[in-house]
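A short write-up of the structure that comes next.
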Amino acid sequence: MKDSLCGTDKKEMTRRTFLKMAAGSGLLVGLAGALSGCAGQGGEHAGGEGWLPYQYNVAGNLPAQVRGRIPIDADNPSIVRDDQKCILCGQCLETCQNIQSVHGYYDLPVIDETICVHCGQCSMACPSGAISERDDTQKVFDALADKSKYVLVQTAPATRVALGEEFGLPPGTWVEGRQVAALKKLGFDAVLDTNFTADLTIMEEGTELIKRIKGEVKKPLPQFTSCSPGWIKFCEYFYPELLPNMSSCKSPQQMFGALAKTYYAKVKGIDPASIVSVSVMPCTAKKFEAQRPEMNDSAEYWKREGLRDVDVVLTTRELARMIKQKKIDFAALPEEKYDSLMGEETGAAIIFGATGGVMEAAARSAYFLITGNQPPPLFLNLTPVRGLTGVKEAAAEIPGVGTLRVAVCHGLANGRKVLDIVRAGNAPWHFIEFMACPGGCIAGGGQPRTAVPPTDAVREQRIAAIYKADASRPKRMSHDNAEVAALYKDFLQHPMSELSEELLHTEYHSRAEKLKRLFALVG
């Protein structure tokens, strides 16, 4: 169309187009006036009562000055943004830069390539709900409706202390049995527990740590945990020279997926090509992880193309939407149990959901794997690695090894501090747990937005429920899981066997070249 003032051709100016232009010149503050007049707020706040959904109406959370936003690619596998809801408050940018220390190494995008670790913490800070997980619920509904498919689901430990919040229950309410019942009502053929492979992860990762300490494998110390896909991608971008420190163990989700289409399919007599492997996770980065090219070892095992170890990842919020869509009365559901075979857990697996939990679980079984004896009570309540302190340290005496020194950090800005110490050669630790999200998986980017922005009060309630469940279990150490023992006896043979290496371990690769290209283009 023709511009009535200057007679030139005029294109429609979208918000996305404007931001790309404004990012190059730093003129984002130009929208401040348009936003600051909402709901009679004058120049104090961009927004106010009555125009936001109730759950996002947090007083004082919306500064008037427009500070930009993080870039999100249209093909991002984990998160999406609805531009019609975005108010340009800058909360996502602050979270990405100050809590996760990702944004700030490049400008807002004026090129095609963006840097994202898929943690989803931006979605937890977004007051208008503009940023959310990529919705994959229809894929699951379609699979459940296909009678030729065998649809199984695994659920992570952190989901069962948060899902209830979507149905009006207090934070930290333990809803494991009702979650299982809801999944069965939705029509899944088998409801299984990621805690099974959390215990398996400890057996593999603990064995790998011992081999490093004893010099039986040529890999450096300290060993890094590898359960958090957001943390892994962060390391691939910013600290690729430390990737040899990363445990080769896959996450519990991916171990489960590989076994679902090999071991489980064999025992149950199911064609692996008919299995649709679904996971329910607290984490948006798990969507990215499931799509990594190397996560198809079931296809390699069967020599059949097209198999993915995990087909669909749902967040806790997506599962809640599915339950609501099918009008299931969640609060009234009876308690049901996980199905057998890949459904047994120990307390050690449950605590994977909290920061420090992987480390504590590993310490319990490392003691056993080294000494052949059950660990002393200290290892069942390793308080120095618990809690919300950003970086925590502990030391424990293990006969045959001496003092085992460990560290725990959560939130990637805290991780950066620890990695700088390792990079400088000053690390005193043997083993370090990294979690991308503050608080660990209980506060993952796919959890209910009970408080926006997230609060330590909610995190603490969820963590307390995790440790209470651990303390109540008759078995609290991963090496006591009978189903894991049967898996080794009947299929894998032993930790880090040839088949274990094939199905349960992987390698990661540097992404630093993308950063260098980005610097070259915007520098």
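Every number in this text was worked out from the coordinates using simple rules, so none of it is lab data. The structure presented is a predicted model; accordingly, all values stated were derived computationally and were not measured. Cβ: placed from backbone, ideal geometry, glycine included. Neighbour counts: every protein chain shown.
Non-local amide H neighbours of residue 505 (under 5 Å, H modeled in plane, Pro and chain starts lacking H): which ones?
Residues meeting the criterion, in which the H sits 1.01 Å from N, are 250.
Considering the Cα positions of region 170-224, please state its Rg to one decimal place and its Dmax as a whole number of Å.
Looking at region 170-224, its Cα Rg and Dmax stand at 18.4, 50 Å.
Hey, what did region 374-461 get for relative contact order, percent, Cα under 8 Å, at least 6 apart?
23 percent
Could you compute the FRET efficiency for residue 371 and residue 420, with r as their C-beta to C-beta distance and R0 at 41 Å, rounded to 0.05?
The calculated FRET efficiency here is 0.75.
Roughly how many debye, to the nearest 20, is the charge dipole of region 138-504 about its Cα centre, given +1 on each Lys and Arg Cβ, -1 on each Asp and Glu Cβ, and no other charges?
My answer is approximately 640 debye.
Of 258, 235, 174, which is farthest on the positive side of the dipole of region 162-301, counting Cα position, with +1 on Lys and Arg Cβ, -1 on Asp and Glu Cβ, and the Cα centre as origin?
258
Could you give the nm distance between label points at residue 468 and residue 456, where each point is 7 Å from its Cα heading toward the beta carbon?
2.1 nm
Starting from the Cα of residue 300, step 7 Å toward the Cβ, then list every residue of region 210-250 with an amide N under 17 Å from that point.
Those under the cut-off are 247-250.
Please give the Cα centre distance for region 280-339 versus region 241-265, rounded to the nearest Å.
15 Å
Positive end of the dipole of region 257-387, charges at C-beta (+1 Lys, Arg; -1 Asp, Glu), about the Cα centre: which of 332, 371, 352 has its Cα farthest in that direction?
332
Which order do 249, 283 fall in if you start with the one that has the fewest other Cβ atoms within 10 Å?
249, 283
Considering region 138-504, what Rg and Dmax in Å follow from its alpha-carbon atoms?
According to the Cα coordinates of region 138-504, Rg and Dmax are 19.3, 57 Å.
Using the count of nearby Cβ atoms within 10 Å as a rough guide to exposure, how do 227, 119 rank from fewest to most?
Placing the least packed residue first, the sequence is 227, 119.
Go through 286/392; 85/139; 218/268; 233/303; 392/489; 185/392 and tell me which ones have a Cα-Cα distance over 30 Å in this structure.
Check vs 30 Å cut-off fails for 218/268; 392/489; 185/392.
Percent relative contact order of region 138-504, based on C-alpha pairs within less than 8 angstrom and at least six residues apart?
Relative contact order, region 138-504: 26 percent.
From the alpha carbon gyration tensor of region 148-277, can you work out the equivalent ellipsoid semi-axes (sqrt of 5 times each eigenvalue) and give them in Å, largest to smallest?
Output for region 148-277: semi-axes of 32, 21, 13 Å.
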